[in-house]
Amino acid sequence: MLNEQLRRRLQAMPKAELHIHIEGSLEPELIFELAQRNGISLAYPSVEALRQAYDFTDLQSFLDIYYAGASVLLTEQDFYDMTAAYLRRAAADNVRHAEIFFDPQTHTARGVPFGTAINGIWRACQEGPISASLIMCFLRHLPEEDALATLEQALPHRDKLIGVGLDSSEVGHPPEKFARVFERARELGLHLVAHAGEEGPPAYIDSALDVLHVERIDHGVRCLDDPQLVQRLARERMALTVCPLSNIKLRVFDVMGSHNLRRLLDAGLAATVNSDDPAYFGGYVNANYLAAFEALPLDERHARQLAVNSFEAAFLDADSKRAFLDEVEAFFAPV
């Protein structure tokens, strides 16, 4: 049982969020509001019916409804409103800095211009209550040629991006499928991250590191199946952006009590806690911390380490990173 003091500490501590898909923050209420604004007919009769549909059996069953929800995003204001809503929730959870994923191919495939999506998201980040930056993700179930075309579309907006990532259906779509587009992104000076080792095998983590040359692994929980990989990740201080509630909702682990977050930390890995797609998976970042600490043998020492890891793994300039880390140290300093 999580004691009340630790519960309050987890909620109040400064933290960064490094694994949040902005389209996955679309709450059913906002989906219906945007559908009405844009004259879109939804397959669900009510907010409650849509929320009840969030009963996923695996990653693909989630993605099917995720893409349906994104269909209500048509205008720059829609993307702004979605992002602003997430940033308000993040600020309430004492997130100081967020690195936000977005999926332009989900929108351009529907005829929504690239600029409409990124301009709305970026403007909300500039006006929001916390520090926030953007990582453009490529959809791995699509051909690499589509990703290369998307990167070209992004060039006029290069100043709005800090990096690129790789998401969507993992199994059957290994990282090496995207070697050329990641090399091009690296030439452009963008940071590189990729989803690997969620449903896919540890070998996908290896190829994300060796072929794509990523600087962070999103998820990565399957790494414990390969002891040599674990040693490498610890040695290189390669951050893992772990998403506990998502892992349970998508059946990566059956129950939170079997999640390997504590074992990742015990192995010396730079694990972080994040919300992934919070509207669909049952909670924003504080809910993920609380659920993990409720079910696992984690204490304030682990809370401090997770907060430190989140800022150390962020793509921030040295001065900003130091200021956030100083805030963590002050928060956990003995009184």
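Taking Ala117 as meeting all but one of (1) farther than 18 Å from Thr75 by Cα; (2) modelled with pLDDT of 95 or more, write down the number of the exception.
The one condition Ala117 does not meet is (1).
Would you mind telling me which numbered condition in (1) of a type in the set (Lys, Arg); (2) surrounded by fewer than 18 Cβ atoms within 10 Å (Cβ to Cβ); (3) under 24 Å from Arg110 (Cβ atoms) Arg180 fails?
Checking Arg180 against (1) of a type in the set (Lys, Arg); (2) surrounded by fewer than 18 Cβ atoms within 10 Å (Cβ to Cβ); (3) under 24 Å from Arg110 (Cβ atoms), the one that fails is (3).
Within region 39-80, how many residues are of a type outside the set (Asp, Glu), assigned to a helix (DSSP H, G or I) and without any contact (Cβ under 8 Å) to a residue 40 or more places away in the chain?
Of the residues in region 39-80, 8 are of a type outside the set (Asp, Glu), assigned to a helix (DSSP H, G or I) and without any contact (Cβ under 8 Å) to a residue 40 or more places away in the chain.
Spot the failing condition for Asp206; the list is (1) of a type outside the set (A, V, I, L, M, F, W, C); (2) outside any helix (DSSP H, G or I); (3) touching a Leu at 6+ places or on another chain (Cβ under 7 Å), and only one is missed.
(2)
Give the residues of region 265-309 that are under 25 Å from Val214 (Cβ atoms) and touching a His at 6+ places or on another chain (Cβ under 8 Å), sorted by residue number.
Leu265, Thr272, Asn274, Ser275, Asp276, Asp277, Ala292
Mind checking which residues of region 282-303 are out of contact with any strand residue (DSSP E or B) (no Cβ under 8 Å at 6 or more places or on another chain), surrounded by 15 or more Cβ atoms within 10 Å (Cβ to Cβ), without any contact (Cβ under 8 Å) to a residue 60 or more places away in the chain and on the phi < 0 side of the Ramachandran plot?
Across region 282-303, the qualifying residues are Ala287, Ala291, Ala295, Leu296, Leu298, His302.
Picking from Arg123, Arg96, which residue would you name as being in a strand (DSSP E or B) and farther than 20 Å from Val181 by Cβ?
Result: Arg96 is the single residue among Arg123, Arg96 that is in a strand (DSSP E or B) and farther than 20 Å from Val181 by Cβ.
Charged (D, E, K, R), surrounded by fewer than 21 Cβ atoms within 10 Å (Cβ to Cβ), part of a loop (DSSP other than H, G, I, E, B) and touching a residue at least 24 places away in the same chain (Cβ under 8 Å): is that true of Arg263 in this structure?
Spelling it out, it is not the case that Arg263 is charged (D, E, K, R), surrounded by fewer than 21 Cβ atoms within 10 Å (Cβ to Cβ), part of a loop (DSSP other than H, G, I, E, B) and touching a residue at least 24 places away in the same chain (Cβ under 8 Å).
Do we find that Glu312 is surrounded by fewer than 21 Cβ atoms within 10 Å (Cβ to Cβ) and within 17 Å of the chain's Cα centre (by Cα) in this structure?
Details: surrounded by fewer than 21 Cβ atoms within 10 Å (Cβ to Cβ): yes; within 17 Å of the chain's Cα centre (by Cα): yes.
Considered against the rule, which asks whether it is surrounded by fewer than 21 Cβ atoms within 10 Å (Cβ to Cβ) and within 17 Å of the chain's Cα centre (by Cα), Glu312 comes out as yes.
So which of Tyr44, Tyr80 ends up being at pLDDT 95 or above and hydroxyl-bearing (Ser, Thr, Tyr)?
Tyr80
So, in region 211-243, of the ones that are in a helix (DSSP H, G or I) and in contact with an Asp or Glu (Cβ under 9 Å, 6 or more places away or on another chain), which residue ends up surrounded by the fewest Cβ atoms within 10 Å (Cβ to Cβ)?
Arg232
Quick one: which of Ala132, Ala117, Ala154 is within 18 Å of the chain's Cα centre (by Cα), among the small types (Gly, Ala, Ser), closer than 26 Å to Ile217 by Cβ and assigned to a helix (DSSP H, G or I)?
Matching residue, one of Ala132, Ala117, Ala154: Ala117.
The values are calculated or read from the model by the stated rules, or taken from the named source; none is laboratory data. Every value quoted in this text rests on a predicted model; they were computed, and no experiment measured them. Note that we place each Cβ from the backbone using ideal geometry, even for glycine, and neighbour counts take in every protein chain shown.
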